[in-house]
Amino acid sequence: MQALDVAKLHNINVKALSAGSNVELLIRQAEEFSPEYVCIADESKYCDLKSCLSGKGIELLCGKEGLCALASLPCDTVVNAIVGMAGFAPTLSAVGAGNRLALANKESLVVGGEIITDLVKEKGTDLLPIDSEHSAIFQCLMGRGENKPKKLILTASGGPFRGYTSDKLKSVTKERALKHPNWSMGAKITVDSATMMNKGLELIEAVWLFDVLPEQVEIVVHPQSILHSAVEFEDGSVIGQMGVPDMRIPIQLALTYPKRCSSCAKPISLFDITMTFEKPDEKVFYCIDLARSALKKGGNMPCIMNKANEIAVDMFLRDKLSFCEIPEKIAWAMENVCFSKVIDTDIIIETERETEEKLK
Ligand code: MN
């Protein structure tokens, strides 16, 4: 939705559109933007799509194959904002076809970081992060020349439960977990933000995107979400990127890169803001630690962690699990699903299957 706001503002031609299961919204968007191709991932909604859009000169597709077909169409940029591991195959298709990829899907890099960064190099294409923190780091590194970053400072809002003790976390509700203080995002990522697994996933993402060691990434809680992340260089200079918390800024930069254009986001006034920083409480929010150990272990461990998190968050959203049971489930899976040091797409599929089987 926010990418289409940007497309509308700058008259960017939308060649193809896809959605997960919200077919009503997809139909309205297709009517407004007249793409050549439309795909609904949820195959059970394909009939609805056909009944509303057939005869309008739009090619209609569905399912995983449809998403991959869309991602490999010749175009300037593919925006992959699919939620979860479903975004992995389309990422491979986009990069494999040599398309520039604007990536909001974290799981692609968390699970298959090595596979994807190798393919990006092989195809000589661009991988532009849309995640606000990674877009910030990317911007801080623009024009750095030969200088390597000493440290990446990854900011976190801390989510709705910042400052909570483990005890207080036991009684939190789904409604509270879904209310993010600063960002408007989907349900899965909003819960990830409340558990701070989101920051764990972003840590792994940053290591792959910017080719740094895990120890070079520092997580800093910054509740106002104005400084979107920063980079420290060898000479002690810290360069950061600031702006109002509005995803349309990083989305737009990925679409217009390297050009910066006027945006629908509000400008910030330094007179109106206060910025504070604190250390994350990694004892209470130990998802960060789970992510660090998954990264250190390598192989399919981030895949196990990510899949267990997807399952646990889904169960939480269906009232089958309490908030505190989310990290417990993930830790259990990391102990009990078969570890493999080697990673390829077959191992990813098998790891996901085994994790699902053991957790359900
Ligand atoms: Mn983020």
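The values are calculated or read from the model by the stated rules, or taken from the named source; none is laboratory data. Computed from a predicted model, the values in this text were never measured in an experiment. Here the Cβ positions follow ideal geometry from the backbone for every residue, glycine too, while neighbour counts run over all protein chains shown. The protein model used for the area step is the full one, side chains on, heavy atoms only, and it has no ligands, DNA or RNA in it. Shrake-Rupley method; radii C 1.70, N 1.55, O 1.52, S 1.80 Å.
What the table below lists for this structure:
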item: Failed criterion for I12 (all others in (1) part of a loop (DSSP other than H, G, I, E, B); (2) crowded, with 18+ Cβ neighbours inside 10 Å; (3) hydrophobic (A, V, I, L, M, F, W, C) hold); result: (2)
item: Residue in region 151-158 that is more than 16 Å from the ligand (Cβ to nearest atom), modelled with pLDDT of 95 or more and over 30 Å from C324 (Cβ atoms) present; result: yes
item: Flag for F88 being within 16 Å of the ligand (Cβ to nearest atom) and of a type outside the set (G, A, S); result: no
item: Any pair with Cβ under 8 angstrom, 6 or more apart, that starts in region 177-190 at a residue that is over 14 Å from A156 (Cβ atoms) and basic (K, R) and ends at one that is at pLDDT 85 or above and in a loop (DSSP other than H, G, I, E, B); result: K179/P160; K188/V83
item: Those residues of region 46-71 which are under 25 Å from the mean Cα position of the chain (by Cα) and open to solvent by less than 50 Å² (accessible area, probe 1.4 Å), in sequence order; result: L61, C62, G63, G66, L67, C68, A69, L70, A71
item: Identity of the residue in region 168-199, closer than 23 Å to I304 by Cβ and in contact with an Asp or Glu (Cβ under 8 Å, 6 or more places away or on another chain), that ends up farthest from the ligand (Cβ to nearest atom); result: K188
item: Qualifying residue in region 27-45 (condition: among the hydrophobic types (A, V, I, L, M, F, W, C), open to solvent by 20 Å² or more (accessible area, probe 1.4 Å), within 25 Å of N306 (Cβ to Cβ) and assigned to a helix (DSSP H, G or I)); result: no
item: Failed condition for T195, given (1) exposed (fewer than 15 other Cβ atoms within 10 Å of the Cβ); (2) closer than 22 Å to S293 by Cβ; (3) in contact (Cβ under 8 Å) with a residue 60 or more places away in the chain; result: (1)
item: Residue ID - farthest from the ligand (Cβ to nearest atom), chosen from residues in region 129-150 that are among the hydrophobic types (A, V, I, L, M, F, W, C) and surrounded by 22 or more Cβ atoms within 10 Å (Cβ to Cβ); result: C140
item: Residue in region 228-236 that is among the polar types (S, T, N, Q), within 16 Å of the ligand (Cβ to nearest atom), crowded, with 19+ Cβ neighbours inside 10 Å and in contact (Cβ under 8 Å) with a residue 12 or more places away in the chain present; result: yes
item: Where T125 falls short, out of the listed (1) within 16 Å of the ligand (Cβ to nearest atom); (2) open to solvent by 10 Å² or more (accessible area, probe 1.4 Å); (3) not in a helix (DSSP H, G or I); result: (1)
item: Residue match in region 63-77 (condition: under 16 Å from I40 (Cα atoms), among the acidic types (D, E), more than 16 Å from the ligand (Cβ to nearest atom) and modelled with pLDDT of 95 or more); result: yes
item: Which listed residue, of E218, E202, is under 20 Å from D281 (Cβ atoms) and assigned to a helix (DSSP H, G or I); result: E202
item: Residue match in region 288-306 (condition: surrounded by fewer than 15 Cβ atoms within 10 Å (Cβ to Cβ), farther than 27 Å from E215 by Cβ and modelled with pLDDT of 95 or more); result: no
item: Scope region 334-355; condition part of a helix (DSSP H, G or I), of a type in the set (S, T, Y) and either at positive phi or surrounded by 14 or more Cβ atoms within 10 Å (Cβ to Cβ) (or both); matching residues; result: T351, T355
item: Residue that is surrounded by the most Cβ atoms within 10 Å (Cβ to Cβ) [pool: residues in region 75-95 that are in a helix (DSSP H, G or I) and in contact with a Ser or Thr (Cβ under 7 Å, 6 or more places away or on another chain)]; result: A94
item: Residue check for P267: away from the ligand (no atom under 16 Å from the Cβ), exposed (fewer than 13 other Cβ atoms within 10 Å of the Cβ), touching a residue at least 40 places away in the same chain (Cβ under 8 Å) and within 29 Å of L4 (Cα to Cα); result: no
